[in-house]
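Comments concern the structure below.
The values are calculated or read from the model by the stated rules, or taken from the named source; none is laboratory data. Quick caveat: nothing in here was measured; it's all calculated off a predicted structure. Counting neighbours? That spans all protein chains shown, and the Cβs are built from the backbone with ideal geometry, glycine included. Calculation scope for accessible area: heavy atoms of the full protein, side chains included, ligands and nucleic acids excluded. Shrake-Rupley method; radii C 1.70, N 1.55, O 1.52, S 1.80 Å.
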Amino acid sequence: MTSRHPLLLDLAGRRVVVVGGGPVAARRARRLLEDGASVVVVAPALCEDLVELLDRVTWRQREYLVTDLDGAWLVHTATGDRSVDDAVAEDAETARLWCVRADDAAASSAWTPAVARSGDVTVAVGAGGDPRRATALRNAIALLLDTGALPLRRHRPGTGHVVLVGGGPGDPGLITTRGRRALAEADVVVVDRLAPRALLAELDPSVEVIEAGKSPHAHTLTQTEINAVLVERAQAGDRVVRLKGGDPFLLGRGGEEVLACIAAGVPVEVVPGVTSALAVPAAAGIPVTHRGLSRQLTILSAHDTAPDWATLARLEGTLVLLMGVAQLGSHTRELLAHGKDPGTPVAIVERGTLPSQRTTVGTLADIAVRARERGVGNPAVVVVGDVAALADVLGTV
């Protein structure tokens, strides 16, 4: 087979001519526009997809003329008429222009590969003139890029930035594909104690991991120090991932870290995560809202030292307490003292979504005693409300 020379072209602002007005020409024109080309379409009539692009392309409403190639850098022909495509290809050859033919790959002087893109990574796939084979390969590569399964980390200096990644409730399979890709691109990972730490084993050995874990009575780094690390490493040119448990913006101080980056002029991105406030109860068979039982959800951090217990006790929906085991006794006493029904179901889910997950179910009146007897500890999510009783029914599903 004749060898082909792969090449990436910068088409930004350069004229590319598309001859033809049908769906194939529309697909070619749309992709050229995405790549920044100045697109000229030559066709007597346009399909609906090309009509949608009229505000972005120059349309010459007539049959093809050889002068249409004047000033062009590249030409695509997709008329469906062999004689016209032959003429375009011949004129392009005379003008020393590369021509991509939609009708006959063997007669082309250039070919459009199947392309997979992930951030600033572009992979073009050719498959010996077999477009379906190329597409299948492209799709497989795109999936590996999206999930961070391929080595995406750069090895040349670049512009540093920070990505706040919500790692989900604990199970490493519950991080988003965008989050995994950010980890695969990272030079530095600043990780929380409750982040999906199993993912750290997949990092390149040269990636620096900085512990920023926090527990109720011990901080590896203060929040001010974490902010400073993110900014300093990004300003040094590193791709920094701040790997958090749950979602960065739900009781995770992600907003403070974003503001610190903005104040320092550091590019920053937020990748949302699956919050433990919803996912951990779900893993235990507890829907935080359920028709006939709960139409409202309130989430409270155990670090909130002065909640409005009177208002919380009057709520008819579901109350979720994050990291509330240490304060469970005082929390239940406050709810009871402010009129909450002692028979209100309560469930505590420890190590939610992990193989060691365990659920303890009781009522507001006895859950603190049950938790003490079973040695319940953090990390745990406490669910207060009628839906908590569903753990005994749905938790076995």
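Against the criterion of being assigned to a loop (DSSP other than H, G, I, E, B), in contact (Cβ under 8 Å) with a residue 60 or more places away in the chain and in contact with a strand residue (DSSP E or B) (Cβ under 9 Å, 6 or more places away or on another chain), residue 281 does not qualify. Of the residues screened, residue 134 is not one that is buried (at least 18 other Cβ atoms within 10 Å of the Cβ), in contact with a helix residue (DSSP H, G or I) (Cβ under 7 Å, 6 or more places away or on another chain) and over 24 Å from residue 264 (Cα atoms).
Just one of the listed residues (164, 150, 183, 194) is touching a residue at least 60 places away in the same chain (Cβ under 8 Å) and part of a loop (DSSP other than H, G, I, E, B), and it is 194. Number of residues in segment 293-326 that are in contact with a strand residue (DSSP E or B) (Cβ under 8 Å, 6 or more places away or on another chain) and assigned to a loop (DSSP other than H, G, I, E, B) equals 9. For segment 95-112, the criterion of being polar (S, T, N, Q) and in contact with a Cys (Cβ under 6 Å, 6 or more places away or on another chain) is met by at least one residue. When the residues of segment 1-30 are filtered to those that are among the basic types (Lys, Arg) and open to solvent by less than 80 Å² (accessible area, probe 1.4 Å), the one that is farthest from residue 128 (Cα to Cα) is 14. Within segment 46-84, restricting attention to residues that are among the β-branched types (Val, Ile, Thr) and touching a residue at least 60 places away in the same chain (Cβ under 8 Å), the residue that is nearest to residue 13 (Cα to Cα) is 79. If you go through segment 235-256 and keep only what is within 17 Å of the chain's Cα centre (by Cα) and open to solvent by 60 Å² or more (accessible area, probe 1.4 Å), you end up with just 249. Considering 230, 259, 203, 199, which residue is modelled with pLDDT of 95 or more, open to solvent by less than 70 Å² (accessible area, probe 1.4 Å) and farther than 23 Å from residue 332 by Cα? Residue meeting the stated conditions: 230.
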